[in-house]
Amino acid sequence: MNSEENKGHIVRPDSAGMWPEQNMKGRECVNLKTAKIKERLLEKLYEKLNETLKAVLPIIAIVLLLCFTIAPLEPGILLAFLLGAVLLIVGMMFFTLGVEMSMTPIGENVGICMTQTKKLGVMVLLSFILGFIVTISEPDLQVLAEQVPAVPNIVLVLSVAFGVGLFLIAALLRMLFNITLAHMLIVLYVIVFGLAFLAPGDFIAVAFDAGGVTTGPMTVPFIMSLGIGISAIRSDERAEDDSFGLVALSSVGPILSVLVLSLIYRPESAQYVPDKIPEISDSVELWRLFSEEFPEYMKEMAVSLLPIIVFFVIFQIIFKRMQKRMLIKTAVGMVYTYAGLVLFLTGVNAGFMPAGNYLGQVLADNPYRWVIVPIGMVIGYFIVRAEPAVFVLTHQVEDITSGAISANAMSLSLSIGVAASLGLAMIRVLTGISIFWFVIPGYAVALVLSFFVPKIFTAIAFDSGGVASGPMTATFLLPFAIGACVSVGGDIVTDAFGVVAMVAMTPLITIQVLGLVYRISSRHLEEAETREKEDAFIQSEDDEIIEL
């Protein structure tokens with residue numbers, strides 16, 4: 001009999017047949033497992049916080065240095081910038097962790113299931129639906145819709161989402177039928193520039209901006225992980241190369257959509273009126289500025305994430321791909337993603353946007369206004385590291401290439417590219433040179449390079465263009481350019497807009513130059529190894545002759 005008497009009480013097993021000692025051990029195991037999960041989560045949060053601080057602190061330091069020297073800011077604007085920076089840091093920490101826990105596994109599982117069905121119709125339909133709903137969920141698209149004059153917001157949003165959905169299908173077909181990315185891009189950009197020459201001048205810069213802004217923090221994790229999922233079940237040599245390039249093709253859709261809309265909607269006036277810089281006289285007004293933004297972005301992000309959640313629930317019901325533990329992890333990741341995006345967008349819109357606009361105005365009012373070119377380059381070098389989607393891209397590139405292309409090398413190449421693009425964009429603001437003089441030669445060089453570098457570098461480069469131009473670009477660099485344009489008396493629509501397009505263009509060149517260096521160094525290494533083998537072979541033959 002397995003009962004014993006203890007202090008006058010009879011100890012018996014519970015309804016599940018478990019003895020008290022067994023229950024105690026079970027609770028200890030659960031507590032230990034919970035403690036390990038908490039410890040792992042805290043380690044992840046600390047890691048993401050460390051990455052975010054490295055990215056954002058240089059921008060804060062540059063702005064503080066400028067405001068205490070040649071570009072004095074009003075105290076209220078400076079406090080709003082600092083409070084916005086705190087929200088940005090916390091928001092990016094939660095967002096990047098949430099993406100890793102939820103968006104990436106969802107995209108990979110959808111990609112794998114799509115390909116395993118082996119039904120082209122199902123794959124095409126799912127690709128279109130995914131591209132459409134994720135683009136509608138993209139917060140940067142709402143910013144773009146407000147900036148395109150004479151086109152109703154809902155018309156622009158649906159048109160751009162339709163374009164992304166179509167081009168995601170094109171990207172899928174390219175992967176399935178092994179079509180060379182460079183050939184597709186050449187054809188598509190010939191069409192883009194042909195339409196651009198027919199479109200009204202007021203829409204050209206905004207149209208090219210659309211390609212960069214639409215591929216933001218919501219779209220990129222989904223599309224990137226979808227490509228990895230589709231290529232995961234392929235065993236051919238090109239599977240790794242073809243896992244990239246989806247963002248590149250999806251970036252072309254918005255450009256074509258806005259250009260086509262510009263041919264349909266021909267307004268008599270397309271004037272853009274920038275938002276006024278808020279006047280903050282005390283801490284109460286500072287708090288009011290942020291407290292008014294919080295509910296707006298909580299609602300906007302809830303609406304943005306809803307289509308993705310609904311899609312995932314339907315997907316899980318049909319395919320039953322994820323187990324219970326993975327579902328819980330994904331749900332928690334969604335919460336982190338939501339909280340991170342709300343904090344991030346509130347911080348950049350309420351704090352960074354007014355500071356960027358005011359800083360641009362003050363620097364352009366300086367007697368030595370050309371100083372805005374090198375300052376813009378320095379800001380551009382560091383600000384790309386604060387883009388949420390850049391974290392996702394660089395780490396996914398490092399994982400998929402097994403460390404051959406490191407996250408640090410990618411970040412450095414992107415920073416150099418964006419620095420160059422900001423310098424060119426500031427020259428445009430000061431001189432009013434047409435954007436065609438920059439984008440046509442830039443894309444021509446990028447497309448020519450695609451024939452001389454490894455295919456994976458071309459795909460990553462064109463993906464990087466869309467990724468680098470995200471919310472930080474739209475909410476700090478674009479207001480910075482608008483503020484400078486107002487001070488020099490230029491045309492905002494034609495001169496200030498186009499900053500995002502420039503940021504999206506230069507990484508195409510710098511990443512492929514990185515690929516060219518990689519190819520040359522690999523070739524030299526192979527030649528050196530071959531010479532060593534030949535020398536060793538000759539030496540062994542000589543030794544044999546001597547012994548004979």
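Quick note: the coordinates plus some simple rules give every number you see, no bench work behind them. Small disclaimer: the values here were computed from a predicted structure and weren't measured. Every residue, glycine as well, gets a Cβ built from its backbone with ideal geometry; the counts of neighbours run over all protein chains shown.
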Please turn the phi angles of segment 169-175 into ³J(HN,Hα) values with the Karplus equation 6.51 cos²θ - 1.76 cosθ + 1.60 (θ = phi - 60°), one per residue in order, whole Hz, x for glycine and proline. 4, 4, 5, 5, 5, 4, 5
Protection proxy ranking, peptides 180-187, 313-320, average beta carbon neighbours within 10 Å, highest first: 180-187, 313-320
Set the Förster radius R0 to 51 Å, insert the Cβ-Cβ distance between VAL155 and LEU45 as r into 1/(1 + (r/R0)^6), and round the FRET efficiency to 0.05. 0.80
Multiply the residue separation of LEU57 and ILE433 by 0.36 nm, subtract the distance between their alpha-carbon atoms, and state the gained length in nm to one decimal. 132.0 nm
When a/c reaches 1.5 or more, the comparison of a/b and b/c decides; with that in mind, is segment 397-451 rounded, prolate or oblate per its Cα gyration tensor? oblate
Taking Cα pairs closer than 8 Å and at least 6 residues apart, the relative contact order of segment 42-542 in percent is 25 percent
Order these by the 10 Å Cβ neighbour count, fewest first: ILE60, ILE228. ILE60, ILE228
Which distance in nm do the two modelled labels at ILE538 and MET298 give, with both placed 7 Å along the Cα-to-Cβ direction? 7.7 nm
Residue exposure sequence - MET353, MET298 - by fewest surrounding Cβ within 10 Å: MET298, MET353
For segment 250-360, size of Cβ-based charge dipole, Lys and Arg +1, Asp and Glu -1, in debye: 1040 debye
Members of LYS119/LYS320; LYS44/LYS329; LYS44/LYS320; LYS54/LYS455; LYS118/LYS320; LYS48/LYS320 lying beyond 23 Å, as alpha-carbon distances in this model show: LYS44/LYS320; LYS54/LYS455; LYS48/LYS320
How many nm is it between the label spots at ASN178 and VAL260, if each spot is 7 Å from the Cα in line with the beta carbon? 3.2 nm
Using alpha-carbon positions, the gyration tensor of segment 359-494 gives root eigenvalues a ≥ b ≥ c; with a/c under 1.5 called rounded, otherwise prolate if a/b exceeds b/c, else oblate, the class is prolate
Apply the a/c threshold of 1.5 to the C-alpha gyration tensor of segment 91-209 and tell me whether it is rounded, prolate or oblate. oblate
For THR117, THR215, THR346, what's the fewest-to-most ordering of other Cβ within 10 Å of each Cβ? THR117, THR346, THR215
Based on alpha-carbon centroids, what's the gap between segment 284-359 and segment 440-460 in Å, whole number please? 35 Å
What chymotrypsin sites (Phe, Trp or Tyr not before Pro) does segment 37-123 have in DSSP loop regions with at most 14 other beta carbons within 10 Å? PHE68
Per the Cα gyration tensor, segment 42-542 corresponds to an equivalent ellipsoid with semi-axes, largest first in Å, of 35, 27, 24
